[in-house]
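The structure appears right after this line, and notes come after that.
What follows draws every value from the coordinates through simple rules; no lab data is involved. Keep in mind that what you see is a predicted model, and the values were worked out from it rather than measured. Reconstructed Cβ throughout: ideal geometry from the backbone, glycine too, with neighbour counts over all protein chains shown.
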2 protein chains.
Amino acid sequence: MRLFLSTYVNKVDRKGRVSVPAPFRTVLSGQNSSGILTFRSFKHNALDCSGLDRVQEMAAQLDTIPEFSEEYENLAALFADMKTLPLDSEGRIILPEDLLQFVGITDSVAFVGQGKNFQIWEPAAQEAHQEARRQSARASGFTLPTSRPVAPIVGATP
Amino acid sequence: MRLFLSTYVNKVDRKGRVSVPAPFRTVLSGQNSSGILTFRSFKHNALDCSGLDRVQEMAAQLDTIPEFSEEYENLAALFADMKTLPLDSEGRIILPEDLLQFVGITDSVAFVGQGKNFQIWEPAAQEAHQEARRQSARASGFTLPTSRPVAPIVGATP
DNA sequence: CCGTCATTGGGATGACATGGGATATCATGG
DNA sequence: CCATGATATCCCATGTCATCCCAATGACGG
């Protein structure tokens, strides 16, 4: 199984189209999916994206829950936020206005590989998020009671 | 299996007609249904809609419930409330006056995908409801299913 | 230095939501 | 049984937007 790896930043053209990175398209084509299924991330101003496989699994889970129960509605509500973004013949998608605003995208888009799925971010926000994680890792590293003065992590990014 | 995904808001014209979103029509046409079967939601001021297939499943479920029980009567009452909304040649439906009032619709309609079925809401009410669910899902630490579990799913078809 | 592939751009076409007029269907009252 | 009005259905027109097709640019490897 191929994975979504690395981060790509592509531009939004005047029609609102963005090229999906070719490596991601390759992975998607192996996931029973001619388009991208996307929904708002719970934690960040980002979009969670995957192929059709995962969504069909979710729909299958729905069958195991009593039809008018609270839990059923909670899961079903995810489908309301979900969108299918079809790929055009050049491998581009169009991000709907509401999603653009939610993510805060103006002129370019970061595609962030997450292994089995990927995310869509505003590039600066993504970089900041990444940096915050580095800081966090670094900070927790410093609070550890180690006696090692030279931490190789520092200065990893030029 | 095709699913009802995403949320679409369409306008009611002066004759009371509303376009059913094209993707939903596509799903419906695969569900043995030239029209929409709809009934009032138990929990919200919304309409539950689907094709004929799902209603037939519900009718089958009725057989598993003791006749004359409270639950039986409740479910059976659904069928009394149920209406068939035929699609015109442009893919529009007409919402009867009582349903319009029940949902609180004035000039536009939200079609809300729920996977195997969809709902009809007043757009503002739907947005509020959906936002509440996002908060709830976030607070309850709702986790998405993984895209490809390591352990084989019980009953999975190779 | 050239060929291939990926991203980017733009015009033309088509699909869809929407609107309005004309015609058919139905329930009601005479 | 027919007349009438209201309502729904069919048909056609329009504007907007997405999709398709074609082209150009840029990156990369041989």
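Just to confirm the numbers: B:Pro66, label point 7 angstrom along the Cα-Cβ line, distances to the other copies in nm, shortest first?
Here the equivalent label points are 1.6 nm apart from this one.
Between B:Arg134 and the same site in the other copies, what are the distances in nm, shortest first, taking label points 7 Å from Cα along the C-beta direction?
Inter-copy label distances (nm, one decimal, shortest first): 3.0.
Which value in Å does the Kirkwood hydrodynamic radius of region A:59-108 take, with 1/r averaged over all unlike C-alpha pairs and then inverted?
13.5
Kindly state, to the nearest 0.05, the FRET efficiency for B:Leu52 paired with B:Gln101, given R0 = 25 Å and r defined as their beta-carbon distance.
Numbers: r = 26 Å, r/R0 = 1.04.
After rounding, the FRET efficiency stands at 0.45.
Taking each residue in A:49-57, count the Cβ atoms of any other chain within 10 Å of its Cβ, then average. What number comes out?
3
Round to a whole angstrom and tell me the spacing of the C-alpha centers of region B:66-92 and region A:1-70.
After rounding, the separation between the Cα centres reads 34 Å.
Measuring label to label, 7 Å along Cα→Cβ, what does A:Asp88 give against each other copy in nm, shortest first?
Counterpart label points of A:Asp88 in the remaining copies fall at 3.2 nm.
Per 10 Å bin, what percent of the C-alpha pairs of the protein assembly as shown does each bin hold, from zero upward?
Result returned by the calculation: 5, 22, 29, 24, 12, 5, 3, 1.
Can you put B:Ile93, B:Ile65, B:Ile120 in order of Cβ neighbours within 10 angstrom, beginning with the fewest?
B:Ile65, B:Ile93, B:Ile120
Tell me, what does the Kirkwood hydrodynamic radius of region A:1-73 come to in angstroms if you use every pair of distinct C-alpha atoms?
14.6 Å is the Kirkwood radius here.
Just the ratio, please: alpha-carbon radius of gyration of region A:7-143 over 2.2 N^0.38 Å, N its number of residues.
1.17
Compute the signed sum of charges (Lys and Arg +1, Asp and Glu -1) over the other residues within less than 11 Å, Cβ to Cβ, of A:Leu62.
-4
Using 30 Å as the Cα-Cα cut-off, could you pick out the over-long pairs in A:Lys11/A:Lys43; A:Lys116/B:Lys116; A:Lys11/A:Lys116; A:Lys15/B:Lys43; A:Lys83/B:Lys83; A:Lys116/B:Lys43? List each step's numbers first, then the result.
On the way: A:Lys11/A:Lys43 25 Å; A:Lys116/B:Lys116 25 Å; A:Lys11/A:Lys116 24 Å; A:Lys15/B:Lys43 41 Å; A:Lys83/B:Lys83 28 Å; A:Lys116/B:Lys43 36 Å.
Exceeds cut-off: A:Lys15/B:Lys43; A:Lys116/B:Lys43.
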